[in-house]
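Below: the structure, in structure tokens.
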Amino acid sequence: MSSHRHKLNRGQVLASVVELSGRKKEEVAKKAGYSRSAYYKHIENPDLDFSILVAYGKALRHDFTDDIPGMPVYLLEEAGTIYGDPESLEEARRIISKLKNKWLELLEKYNRLIEERWNESRENN
């Protein structure tokens, strides 16, 4: 059995997220603070720096920590920044679905923790 693990290509993750967003590459790059040519260099980089992904994540309102294990958590919105309403009904539905899934995941973790603590307290008594 090989111990070599497949390494995630961060540039390709970025390319996929931009493609799925349906937005123009140039628009996304500009909003992230980069040129279109820099975007193409970024998607070719398998070890793309997290700080660059954070900039694109904020521009796209996408949480790359869901896609890339070990990536530090970051805020999609800076304090006091207002992004306004979603650009389409589809985007609003996607955001709602993503938030619902995150909430359910946290709720399940919380319930497991409560159950573990309950069982520990019963064992100690």
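Of Lys7/Lys31; Lys31/Lys58; Lys30/Lys58; Lys7/Lys58; Lys24/Lys58, which pairs sit farther than 18 Å apart, going by alpha carbon to alpha carbon?
Lys7/Lys31; Lys7/Lys58
Go ahead and estimate [θ] at 222 nm for the chain from helices alone: -39,500 (n - 2.57) per DSSP H run with n ≥ 4, summed, over the residue count, rounded to 500.
The helix-only estimate for the chain comes to -19500 deg cm²/dmol at 222 nm.
Just the ratio, please: alpha-carbon radius of gyration of the chain over 2.2 N^0.38 Å, N its number of residues.
1.37
Quick check: the angle from helix 50-60's long axis to the longest principal axis of the chain, C-alpha only, nearest 10 degrees?
Here the helix axis deviates by roughly 80 degrees.
What residue among Asn101, Asn45, Asn111 shows peak mean-square fluctuation when the chain is described by a Gaussian network model with Cα springs under 10 Å?
Asn111
Contour minus end-to-end for Glu26 and Arg117, with contour as 0.36 nm per residue of separation and end-to-end as the Cα-Cα distance?
Net length gain for the segment: 27.7 nm.
State, in angstrom, two size descriptors of region 85-125 derived from its alpha carbons: Rg to one decimal place and Dmax to the nearest whole number.
Rg and Dmax of region 85-125, Cα atoms, are 17.4, 56 Å.
Can you tell me the length gained on complete extension of the stretch Asn101 to Gln12, counting 0.36 nm per residue apart and subtracting the Cα distance?
Difference between extended and current length: 29.6 nm.
Round to the nearest 10 and give me the degree value, 0 to 90, for the angle of helix 89-124's Cα axis relative to the longest principal axis of the chain.
30
Bear in mind these aren't lab numbers, they're just calculated from the coordinates by the rules spelled out. It should be emphasised that the depicted structure is a prediction, and the values quoted were computed from it without experimental measurement.
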